[in-house]
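To start, the structure under review is shown below, and the notes come after it.
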């Protein structure tokens, strides 16, 4: 359980997330993930990182129950800062990051894959932001990197999800494969990238980030301010409490 790193192939680091039952990460989990990604990217022997997950789904966002147990705002602040660090660690990783997405990719999961360099998904993968149903806001910045603007807005307002096949049609998912072939397909793409010159691939990552039309860090930070407003107004707690009752029903 937690975040682990392995080296399945030459020049490839595999960072795996495992927080049963649904990979909803606690505050410390986001920081651990950020540290693992940054460490892998700094390793001179690594030329590509694969971000994957064990269990039922890739990522279900933050641990809402951790927030509900907190009588103040420490968990909210911690989750926001932790997500910001993990998302930035993907985006700023010195080498390309390939996300291997299985099952559900929700909330904070969108922040991770939206900042990745490439996405390989299983045919049962779904992507979405149920933030409005969870008393939160955010990560529209990253969903907008996966689908066209108007589709992003419709998905955001309705909390609906898009399938891996739909994202593949939009060009944001590299390949869609059966669940059992997911890890192999992601590692295959990573190995192809890792065959490039290590110094040159780092220059390429920096160059591509440098021409990005959107400053994803500043854009996401702007969104986070509205999450704080929702919490201070009390509406977030009201919505989260409703979510908790639905879960128990």
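Every number here is computed from the coordinates shown, using simple stated rules; none is lab data. Since the structure is predicted, the reported quantities are computational estimates derived from the model, not experimental observations. Quick reminder, even Gly has a Cβ in these numbers, built from the backbone with ideal geometry, and neighbours come from all protein chains shown.
7 Å from Cα along Cα→Cβ at both residue 169 and residue 45: what's the point-to-point distance in nm?
Result for the modelled spin labels: 4.4 nm.
If you line up the long axis of helix 149-158 against the longest principal axis of the chain, both from Cα atoms, how many degrees apart are they, to the nearest 10?
Tilt relative to the chain: about 40 degrees.
Taking 7 Å along the Cα-to-C-beta vector as the label spot, tell me the residue 196-residue 123 distance in nanometres, rounded to one decimal.
3.0 nm
What is the chain's relative contact order, in percent, from Cα pairs under 8 angstrom and six or more apart in sequence?
20 percent
Extending each Cα 7 Å along its Cβ direction at residue 211 and residue 160, get the distance between those two points in nm, one decimal.
3.5 nm
Roughly what % of DSSP beta bridges within the range 67-213 run antiparallel, to the nearest 5?
Percentage antiparallel, nearest 5: 25.
Roughly what % antiparallel, to the nearest 5, for the DSSP beta bridges in the range 1-149?
Counting DSSP beta bridges with both partners in the range 1-149, the antiparallel share is about 25 percent.
Please state, to two decimals, what the Cα-based radius of gyration of the range 88-200 comes to when divided by 2.2 N^0.38 Å (N = residues).
1.07
Taking square-rooted eigenvalues a ≥ b ≥ c of the alpha carbon gyration tensor, is the range 93-136 rounded, prolate or oblate, where a/c under 1.5 means rounded and, failing that, a/b exceeding b/c means prolate? Walk me through the numbers on the way to the answer.
Values: a/c = 4.10, a/b = 1.46, b/c = 2.81.
Since a/c reaches 1.5 but b/c is at least a/b, the shape of the range 93-136 is classed as oblate.
Cα atoms only: what Rg and Dmax, in Å, come out for the chain?
Answer for the chain, Rg first and Dmax second: 17.2, 54 Å.
Output the 0 to 90 degree angle, nearest 10, between the alpha-carbon long axis of helix 27-42 and the longest principal axis computed from the alpha carbons of the chain.
20 degrees
Restricted to Cα positions, what overall size does the range 172-249 have along the principal axes? Three whole-Å values, descending.
Reported extents, whole Å, longest axis first: 52, 36, 18.
Looking only at the chain, where both bridge partners belong to it, what percent of the DSSP beta bridges are antiparallel (to the nearest 5)?
Working: 9 of 30 bridges.
Taking every DSSP beta bridge with both residues in the chain, the antiparallel ones total about 30 percent.
Just subtract the alpha-carbon distance of residue 218 and residue 9 from 0.36 nm times their residue separation and send over the number in nm, one decimal.
Once the chain is fully extended between residue 218 and residue 9, it gains 71.8 nm.
In what sequence do 152, 67, 1 fall when counting other Cβ within 10 Å, fewest first? Kindly include the intermediate steps, with their values, before the conclusion.
Values: 152 19, 67 23, 1 10.
Exposure proxy ranking, most exposed first: 1, 152, 67.
Given Cα positions, please report Rg to Rh for the range 1-101, the hydrodynamic radius being the Kirkwood one.
Ratio value, two decimals: 1.00.
Divide by every residue of the chain the summed helix terms, -39500 (n - 2.57) for each DSSP H run of at least 4, and state the resulting mean residue ellipticity at 222 nm, rounded to the nearest 500 deg cm²/dmol. Display every interim value, and only then the final one.
Numbers: 11 runs with 126 residues, N = 249.
Mean residue ellipticity, 222 nm, calculated: -15500 deg cm²/dmol.
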